[in-house]
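> Below is a structure I'd like to ask you about.
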Amino acid sequence: MKRGILFVLSGPSGVGKGTVCTLLRRRLPELVYSVSATTRSPREGEQDGVNYFFKSREQFLRMIDEDALLEHAEYVGNYYGTPRDFVEKTLSEGKDIILEIEVQGALKVREKFSEGVFIFLMPPSLNELKQRIVGRGTETQATIDHRLSVAVEEMNLLHHYDYAVVNDQIELACERISSIITAEHCKRERFLGELFEQLETVKAADNV
Ligand code: 5GP
């Protein structure tokens, strides 16, 4: 069976990765979404096992020790990480999976899964990004300032990615990501192994 494709959606804080991913989940139900573990407290409306697996610091450190995470990163005082087994299992079942993670984690995944497809979600402008971080209204001023300076540094990491998608409108951003997924499935490399096997079978049958 063909393995699924690993997609990583990353980009600076406040660019709207979470919102884009939520819409993608609705639009592309066959795309599997990786639920991360985190030590941050749930926000209003967030559910354990749906938005995140909410863990204590001790539980999270144990997951690191047990090598249960594909990658992890500390971000604004909290740990975030991708449970490894779920990703491996999904890919081996031939299903595509998408990770919505911050940039340090995305770079670590790139080291392990060079065949993954890395998508950088861009704000229409840096000023727009600032408005989004401030406008979220769920953070303290110190957290906002920190997130903003981190976000500017993160923008410089674009060159590590395969695709850049501008999040000017959520629907458009989702359409672009959906087109990337389709294009990746049409890459000739995905067919070469299978075609070779078919040619061998035909040759053997015809005794060519
Ligand atoms: P938030 O606290 O706003 O939900 O997420 C903060 C940041 O952590 C976001 O940029 C989000 O993409 C990132 N994030 C969520 N899950 C993971 C993960 O498993 N690994 C890493 N490295 N970052 C994550």
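The values are calculated or read from the model by the stated rules, or taken from the named source; none is laboratory data. Everything numeric in this text was worked out from a predicted model, so none of it was measured. When we count neighbours, we look across all protein chains shown, and the Cβ atoms used for this are built from the backbone with ideal geometry, even at glycine. When the accessible area is computed, the model is the full protein with side chains, heavy atoms only, and any ligands, DNA or RNA have been set aside. Shrake-Rupley method; radii C 1.70, N 1.55, O 1.52, S 1.80 Å.
> Take the Cβ-Cβ distance between ASN127 and GLN47 as r, set R0 to 25 Å, and report the resulting FRET efficiency rounded to the nearest 0.05. Can you show the working numbers first?
Values: r = 34 Å, r/R0 = 1.35.
With R0 = 25 Å, the Cβ-Cβ based efficiency is 0.15.
> Give, in nm to one decimal, the length gained when the segment between HIS160 and ARG190 is fully stretched (0.36 nm per residue of separation minus the Cα-Cα distance). Don't skip to the answer; put the middle values down first.
Numbers: separation 30, 0.36 × 30 = 10.80 nm, distance 2.23 nm.
Additional length available on full extension: 8.6 nm.
> Taking R0 as 41 Å, what FRET efficiency do you get between SER149 and GLU111 from their Cβ-Cβ distance, rounded to the nearest 0.05?
Working: r = 25 Å, r/R0 = 0.62.
My answer for the efficiency is 0.95.
> Taking only protein heavy atoms into account and a 1.4 Å probe, give the accessible area per residue of the chain in Å². Mind showing how you got there, number by number?
Values: 11640 Å² over 208 residues.
Ligands and nucleic acids excluded, the result is 56 Å² per residue.
> Would you kindly calculate the translational diffusion coefficient of the range 91-147, applying Stokes-Einstein with the Kirkwood radius from alpha carbon pairs, for 37 °C and a viscosity of 0.692 mPa s, and quote it in µm² s⁻¹ without decimals? Intermediate results must be reported in sequence, preceding the final value.
Working: Rh = 14.1 Å.
Diffusion coefficient, whole number: 233 µm²/s.
> Taking 8 Å as the Cα distance limit and 6 or more residues as the minimum spacing, I'd like the relative contact order of the chain as a percentage. Display every interim value, and only then the final one.
Values: 286 pairs, mean separation 61.9, N = 208.
RCO, the chain: 30 percent.
> Using Cα pairs closer than 8 Å and at least 6 residues apart in sequence, work out the relative contact order for the range 1-64, in percent.
Values: 36 pairs, mean separation 13.9, N = 64.
Worked out over the range 1-64, it gives 22 percent.
> Could you let me know the centre-to-centre spacing of the range 45-114 and the range 155-203, using Cα atoms, in angstrom?
22 Å
> Please get the size of the charge dipole for the range 50-208, origin at its Cα centre, with Cβ charges of +1 on Lys and Arg and -1 on Asp and Glu, quoted in debye to the nearest 20. Walk me through the numbers on the way to the answer.
Numbers: 18 positive and 29 negative charges, 64 e Å.
So the dipole magnitude of the range 50-208 works out to roughly 300 debye.
> Let me ask something else. List, in order, the whole-Hz ³J(HN,Hα) value for each residue of the range 5-16 obtained from phi through the Karplus relation with A = 6.51, B = -1.76, C = 1.60 and θ = phi - 60°; use x for Gly and Pro.
Result, rounded to whole Hz: 10, 8, 10, 10, 9, 9, x, x, 4, x, 6, x.
> What does the charge dipole of the range 1-106 about its Cα centre add up to, to the nearest 20 debye, if the Cβ of each Lys and Arg holds +1 and the Cβ of each Asp and Glu holds -1?
On the way: 14 positive and 16 negative charges, 78 e Å.
Here the size comes out at about 380 debye.
> Which is farthest toward the positive dipole end of the chain among THR82, ASN127, LEU70, measuring Cα position about the Cα centre, with Cβ charges +1 (Lys, Arg) and -1 (Asp, Glu)?
It is ASN127, whose Cα lies furthest towards the positive end.
> A follow-up question, please. Between SER179 and LEU199, what is the label-to-label distance in nm when each label sits 7 Å out along the Cα-to-Cβ direction?
For the pair SER179/LEU199, the computed spacing is 3.2 nm.
> Calculate what fraction, in whole %, of the accessible area of the range 136-208 sits on carbon and sulfur atoms when a 1.4 Å probe is rolled over the protein chains. Before the final figure, lay out the partial values.
On the way: 2910 of 5130 Å².
The computed percentage sits at 57.
> Under a 1.4 angstrom probe, counting protein chains only, how are ASP85, ASP168 ranked by accessible area, largest first?
Values: ASP85 120, ASP168 75 Å².
Result of the area sort, largest leading: ASP85, ASP168.
> On to the next question. Please compute P(r) over all alpha-carbon pairs of the chain, binned at 5 Å starting from zero, and give each bin as a whole-number percent.
Going out from 0 Å in 5 Å bins, the chain shows 1, 7, 14, 18, 19, 17, 10, 6, 3, 2, 2, 1, 1, 0, 0 percent.
> Okay, moving on. Restricting attention to the range 1-59, which GluC sites (Glu not before Pro) occupy a DSSP loop and are surrounded by at most 11 other Cβ atoms within 10 Å? All intermediate terms of the calculation are to be shown ahead of the outcome.
Values: sites: GLU30, GLU44, GLU46, GLU58; in loops: GLU30, GLU44, GLU46.
Qualifying residues, ordered by number: GLU30, GLU44.
> For the range 35-95, with only Lys/Arg (+1) and Asp/Glu (-1) charged at the beta-carbon, what is the dipole magnitude about the Cα centre, in debye rounded to 20?
On the way: 8 positive and 12 negative charges, 28 e Å.
In total the dipole reaches around 140 debye.
> Please enumerate, by chain and number, the lysines with C-alpha under 20 Å from the C-alpha of LYS95, excluding those fewer than 8 residues away in the same chain.
LYS2, LYS112, LYS187
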